[in-house]
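Q: Below is one structure. I have some questions about it.
Read the figures in this text as sums done on the coordinates, not as results from a lab. Predicted, not measured: the structure shown is a model, and the values here were computed from it. Positions of Cβ are backbone-derived with ideal geometry, glycine not excepted, and every protein chain shown enters the neighbour counts.
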Amino acid sequence: MKIEDRQSEREAEKVAWLNKLATFIVIANGRTWAADAAEVDPQRPGYKELQWPYPTMTEEEQKAYSGWEDWTLRDSYTGYFRAPGMTTVYYKGAPAWTMQYGGHGQTEGYENSAKQTFGFLKRALTKVSPELPIRGPKEYVEGDNRYEFEMIEGNMEDGLWRERITEGGIETFTQSGLVGIVIHRDANKQPILPWNR
């Protein structure tokens, strides 16, 4: 096989895997925090964690998970008004993609409206698509409430992002984060790309 052909084949494998990852993130995020899913036992004290697939699933949930058996998403966060955390996607049992999030959170002086703000955030996060699977859509509006997502640099392989919510023209929530794939190494200290597992 020619070197160019092998490089094209590797690139096609990577693109196919990234597309599947993006689709899985959208599905799993729609079944965790944004969906008010049940929490699972946290791996770290003081954190709240959610996971898809759920540890115990109904027959309908098992059908929804069919075809995704190599994939798991676990979201872990702490706090409420400021709730930094990390989402990890596991592929074939190994961490393959992560998203860290945190920052300012709920704007001071607007703590009493946090439940309303977070309800709006959850609805925005369910509008995500595989083309931009990281958090929510670039923009989502309900009346006077506006959610905005910006990819500051990079992409889902290695990127930096920011999101914000305004309610009645006032910024009530903002946070930022990092995303990226995880590259492990083998016994010979060579990279193990997640799409080659």
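Q: For residue 185 and residue 123, FRET efficiency with R0 = 41 Å and r from the beta-carbon atoms, rounded to 0.05? Don't skip to the end; give the middle numbers.
A: On the way: r = 41 Å, r/R0 = 0.99.
It comes to 0.50.
Q: Let me ask something else about it. With axes computed from alpha carbons, what is the tilt in degrees of helix 3-29 against the longest principal axis of the chain, rounded to the nearest 10 within 0 to 90?
A: Approximately 30 degrees, to the nearest ten.
Q: When you count, for each residue, the other Cβ atoms within 10 Å and take the mean per peptide, how do 53-61, 34-42 rank with the highest first?
A: Peptide ranking by packing, descending: 34-42, 53-61.
Q: Sticking with this structure for a sec: Note down the magnitude of the dipole of the chain about its Cα centre, charges +1 on Lys and Arg C-beta and -1 on Asp and Glu C-beta and zero elsewhere, to the nearest 20 debye. Don't skip to the end; give the middle numbers.
A: On the way: 24 positive and 30 negative charges, 84 e Å.
Charge dipole of the chain: 400 debye, to the nearest 20.
Q: Let me ask something additional. For the stretch 119-155 and the stretch 1-47, write down the distance between their C-alpha centroids in whole Å.
A: 18
Q: From the helices alone, meaning DSSP H stretches of at least four residues, give me the mean residue ellipticity at 222 nm for the chain, per-run term -39500 (n - 2.57), in deg cm²/dmol to the nearest 500.
A: Details: 3 runs with 46 residues, N = 197.
My calculation for the chain gives -7500 deg cm²/dmol from helical runs alone.
Q: For the ranges 188-196, 159-167, what's the packing order if you count other beta-carbon atoms within 10 Å of each residue, average per peptide, and put the highest first?
A: Peptide ranking by packing, descending: 159-167, 188-196.
Q: Given contacts defined as C-alpha pairs under 8 Å and at least six residues apart, what's the relative contact order of the stretch 1-81, whole-number percent?
A: Once normalised by length, the contact order is 26 percent.
Q: Using +1 at the C-beta of Lys and Arg and -1 at the C-beta of Asp and Glu, which of 126, 149, 188 has the Cα lying farthest in the positive direction of the dipole of the chain?
A: The residue sitting most towards the positive pole is 188.
Q: Could you grab the relative contact order for the chain? Cα pairs under 8 Å, six or more apart, rounded to a whole percent.
A: Result for the chain is 17 percent.
Q: A follow-up question, please. Classify the chain: rounded, prolate or oblate, from the alpha-carbon gyration tensor (a ≥ b ≥ c, eigenvalue square roots; a/c under 1.5 rounded; otherwise prolate if a/b is larger than b/c)?
A: Cα axes put the chain in the prolate bin.
Q: Of 47, 64, 101, whose Cα points farthest to the positive end of the dipole of the stretch 42-189 (charges on the beta-carbon: +1 Lys, Arg; -1 Asp, Glu; origin at the Cα centre)?
A: 47
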